[in-house]
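**Q** Structure provided below as structure tokens; questions to follow.
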Amino acid sequence: MTKKYIAIIYEGEKTERQLVNNLNNIFYDDVSELVPIMFPAGENIYMLWKQLKKDEFQTDLIEVIREYNSDAAKVLKGYQRNDFMEIYLFFDYDGHQNNLSGSEERIGDILEEMLDTFSEETDLGKLYINYPMVESLRDNKPPSEEACYRNCAINLENIKNYKQSVHNLQIYQDFRKLNRGQWYELCINAVCKANCIINNTYCVPKRKTFIDEMGQDKLYRMQKQKYVSFGVIAVINSIPLFLLEYFKKEFWDEIFGCESIK
């Protein structure tokens, strides 16, 4: 059987790579593998999107990345676009805020366009956004405590201090050591929080509702409408949402189990 390679494109160096390696160990097997491709700040998703737009979205994303960054080129050595069955992009809301200058279009308009561009994993790729950054995965409490993320929302002005504020949390701290049970907890919290942001209800939605009506584009629009417009951002990590979308109904049932939410 031909091995299935899945490109995971992200900004940063260590944290996201630890998460990808952990996901490979727990959820992916010998016939499929996530391939982490680091794209440094300054040459990020916004820059990729601008280049693709300039080329009228006819340019191959993998080749653009290979050309833009020498480290990514080393990772991609031996790979062609056809080797990747799917492409997923993970980036921090905070990174986009800092990357857009005052002379550019407003961040809201840009991200909406980028989510529209990166909407299909088998084409240009599918974009997931972490609010405010990947470290929001640590900002959780176990579902048994009947609580959502430790911080429901934070002021946009405090984003620069957010990473340090969650650095010493004990649960979910070491991304290298997250186990399957903890990922299930993170999935429960993330889907409940997404439902809260989109539908004002902190509970597990039906799977069909989640798949059909709670995508990244809708999540971003609700963030902008209900939070960003008031100077705050709702804390939510999209990596668990990716897992819930990527895997089939059996994965959902294994986590949630209840017939009423299938």
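**Q** Can you pull out the chymotrypsin sites (Phe, Trp or Tyr not before Pro) in the range 1-39 that DSSP calls coil and that have at most 12 other Cβ atoms within 10 Å?
**A** Answer by residue number: there is no such site.
**Q** How large a share of the accessible area of the chain, in percent, is made up of carbon and sulfur atoms when the probe is 1.4 Å and the other protein chains stay in place?
**A** Ligands and nucleic acids excluded, carbon and sulfur give 46 percent.
**Q** May I ask you to derive the FRET efficiency for ASN161 and MET47 from their Cβ-Cβ distance with R0 = 25 Å, giving the value to the nearest 0.05?
**A** Working from the Cβ atoms, E equals 0.45.
**Q** Per residue of the range 176-187, in order, report the coupling 6.51 cos²θ - 1.76 cosθ + 1.60 (Karplus, θ = phi - 60°) as ³J(HN,Hα) in whole Hz, putting x for Gly and Pro.
**A** For the range 176-187, the Karplus curve yields 6, 10, 4, 9, 4, x, 5, 5, 4, 4, 5, 5 Hz.
**Q** Can I ask one more? Test of understanding: what is the full-extension gain from TYR5 to TYR68, defined as 0.36 nm times their sequence separation minus their Cα-Cα distance?
**A** Additional length available on full extension: 20.6 nm.
**Q** Against the globular-protein guess of 2.2 N^0.38 Å, express the Cα radius of gyration of the range 34-95 as a ratio, rounded to two decimals.
**A** Ratio of Rg to 2.2 N^0.38 Å for the range 34-95: 1.09.
**Q** Also: Near the amide H of ILE236, under 5 Å away, which other amide H atoms are found, from residues 5 or more places off or on another chain, if H is placed in the peptide plane?
**A** The list, which skips near neighbours in sequence, is TYR131.
**Q** Relative to 2.2 N^0.38 Å, what does the C-alpha radius of gyration of the chain come to as a ratio? Two decimals please.
**A** Ratio of Cα Rg to 2.2 N^0.38 Å: 0.97.
**Q** I'd like the FRET efficiency for LYS14 and MET85, computed as 1/(1 + (r/R0)^6) with the beta carbon distance as r and R0 of 30 Å, rounded to 0.05.
**A** 0.70
**Q** Measuring from the lowest to the highest alpha carbon on each principal axis, how far does the range 110-262 reach, largest first, in angstroms?
**A** 42, 37, 29
**Q** Another question, then. With a 1.4 Å probe and every protein chain left in place, work out the accessible area per residue of the chain in Å², rounded to a whole number.
**A** Here the per-residue accessible area is 48 Å².
**Q** Please give the peptides 158-171, 113-126 ranked by average Cβ packing (other Cβ atoms within 10 Å per residue), highest first, as a rough proxy for protection.
**A** 113-126, 158-171
**Q** Amide H to amide H, which residues 5 or more places from LEU89 or on other chains are under 5 Å from it, using H placed in the peptide plane?
**A** ILE9, LYS126, LEU127, TYR128
**Q** Then there's this: Can you run phi through the Karplus equation (6.51, -1.76, 1.60; θ = phi - 60°) for the range 59-72 and list ³J(HN,Hα) in whole Hz, with x for Gly and Pro?
**A** Result, rounded to whole Hz: 7, 6, 4, 4, 6, 4, 5, 4, 6, 6, 9, 5, 5, 5.
**Q** Answer rounded, prolate or oblate for the range 19-58, using the Cα gyration tensor with square roots of eigenvalues a ≥ b ≥ c: rounded when a/c is under 1.5, else prolate when a/b is larger than b/c, else oblate.
**A** Oblate is the answer for the range 19-58, as a/c is 1.5 or above yet b/c matches or exceeds a/b.
The values are calculated or read from the model by the stated rules, or taken from the named source; none is laboratory data. In this text the structure is predicted, and so the values were computed from the model without any measurement. Neighbour counts run over all protein chains shown; Cβ positions are idealised from the backbone, glycine included. Heads up: the accessible areas ignore ligands, DNA and RNA and are worked out on the full protein's heavy atoms, side chains in. Shrake-Rupley method; radii C 1.70, N 1.55, O 1.52, S 1.80 Å.
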